[in-house]
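So the structure is just underneath, and the comments pick up after that.
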Amino acid sequence: MRRPMVAGNWKMHGTRASNKLLVDELQQRMTDDWGIDVVVFPPYVYLTEVMRQVEGDSIAVGAQNVCAEGPGAFTGEVAAAMLADIGCTHVLVGHSERRRLYGEDDALVARKFAAVLAARMTPILCVGETLDERDANQTDAVVSRQLDAVLRMSGVKSLAKAIVAYEPVWAIGTGRNATPAQAQTVHAVLRSRIAAQDANIAGLLRILYGGSVKAANAAELFANPDVDGGLIGGASLSADEFERICAAAAVQP
Ligand code: PGA
């Protein structure tokens, strides 16, 4: 049985005051009875403050990005060892905004993934196709290529300490989520590709869906057998929405 996870990617949003309010509200609403893991991903500069606020309760804190190198002479970058040092437990790698806006290719994403593991944190590897790629029937090929880059560099066993997120680029921030069937299909492709190398690791790996998840569609997305929770962008900035998404992922008694 895979423990569901709901992850909140705050992207480049928030202020000290709004973060405090959001976390306060989340803490009032969260319950351990849900049987899920909850992680939030604030911008770098707020990590320590958010960590201090959630100290002692069950919300984990992760980073949205990491440098593949270092520590060393890399002005403006943040090393995995530093994130681990301040208490980060998870790091997003390969988010489509990083791939698209900052030119991160599969090879760089694979190096970031390895750097996160080397610092003993959990990478969340994001994969997903653009609308053009979907229309050209390349979805399976694209997500497989993105996954394979990591498998080649770190090996299938590395996935025992990682999470994968399927995030179709056309669904991110657009209000147009993948249908439950579309999500399930791609999640199953990813899981079976991993199972071909190690069935046990494939069976234990959590694969999250991301892309316009909200309270209104979370339950039907999470009901799929290969969807183990969600990576939530816009809706993670609302405590009410995020709570209802977490409740949708909760293990039913
Ligand atoms: P969204 O973003 O929920 O706002 O579509 C998801 C993500 O980018 O992780």
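I'd like to verify a number: residues in segment 93-122 that are open to solvent by 50 Å² or more (accessible area, probe 1.4 Å) and without any contact (Cβ under 8 Å) to a residue 40 or more places away in the chain, how many?
Qualifying residue count, segment 93-122: 7.
Identify the residue in segment 61-81 that is of a type in the set (A, V, I, L, M) and surrounded by fewer than 22 Cβ atoms within 10 Å (Cβ to Cβ) and, among all such residues, is farthest from the chain's Cα centre (by Cα).
Result: A73.
Among the residues of segment 221-238, which ones are touching a helix residue (DSSP H, G or I) at 6+ places or on another chain (Cβ under 9 Å), in a loop (DSSP other than H, G, I, E, B) and either open to solvent by less than 30 Å² (accessible area, probe 1.4 Å) or under 15 Å from L204 (Cβ atoms) (or both)?
Once the filter is applied, which keeps residues that are touching a helix residue (DSSP H, G or I) at 6+ places or on another chain (Cβ under 9 Å), in a loop (DSSP other than H, G, I, E, B) and either open to solvent by less than 30 Å² (accessible area, probe 1.4 Å) or under 15 Å from L204 (Cβ atoms) (or both), segment 221-238 yields N224, P225, D226, V227, D228.
Looking at the structure I just gave you, is A84 in a helix (DSSP H, G or I), open to solvent by 50 Å² or more (accessible area, probe 1.4 Å) and away from the ligand (no atom under 16 Å from the Cβ)?
No.
D132 - would you say it is under 18 Å from the mean Cα position of the chain (by Cα) and without any contact (Cβ under 8 Å) to a residue 24 or more places away in the chain?
For D132, the condition - under 18 Å from the mean Cα position of the chain (by Cα) and without any contact (Cβ under 8 Å) to a residue 24 or more places away in the chain - is not met.
Could you tell me which residue of segment 205-220 is least open to solvent (accessible area, probe 1.4 Å), considering only residues that are more than 15 Å from the ligand (Cβ to nearest atom) and part of a helix (DSSP H, G or I)?
Per the stated criteria, the residue is A219.
Of the residues that sit in segment 171-217 and are hydrophobic (A, V, I, L, M, F, W, C) and under 16 Å from S236 (Cβ atoms), which one is farthest from the chain's Cα centre (by Cα)?
Within segment 171-217, the match that is farthest from the chain's Cα centre (by Cα) is A216.
The values are calculated or read from the model by the stated rules, or taken from the named source; none is laboratory data. What you are looking at is a predicted structure, and each value in this text was computed from that prediction instead of being measured. Quick reminder, even Gly has a Cβ in these numbers, built from the backbone with ideal geometry, and neighbours come from all protein chains shown. For accessibility, only protein heavy atoms count, side chains too; no ligands or nucleic acids. Shrake-Rupley method; radii C 1.70, N 1.55, O 1.52, S 1.80 Å.
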